[in-house]
Amino acid sequence: MANVMRPAYKLTAKSPGSELVAETAAAMAAASIVFRSSDSNYSTILVGHARDLYDFATMHRERYHRSVAVLHSYFFEALILKLLSRVAAAK
């Protein structure tokens, strides 16, 4: 496998990404349901993290691609491609 650069970006109150944080909160809440009967301690931890992330997402609202500048052009290009594909499909 080739070495592929996969940079990581940190989301903070000054650089939030509320939709990404909210999706992570939802995933943790769903996982807590899966583990509820087999590992209640882990399930409780997941719920706590899900609540913390949800609170962060609601208090610090900003789209991920606006917080991480390098992604702005990627999201803009992806939007254009999505719109073009919809137009092509409608023909």
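Read-outs throughout are calculated quantities, based only on the coordinates presented, and are distinct from any laboratory measurement. None of these values were measured; they are calculated from a predicted model. Glycine also receives a Cβ, built like all others from the backbone with ideal geometry; neighbour counts cover every protein chain displayed.
Taking 7 Å steps out from each Cα toward its Cβ at Glu19 and Met59 produces label points 2.3 nm apart.
Placing a label point 7 Å from the Cα of Val70 along the Cα-to-Cβ line, the residues of the stretch 1-37 whose backbone N sits under 11 Å from it are 5-10.
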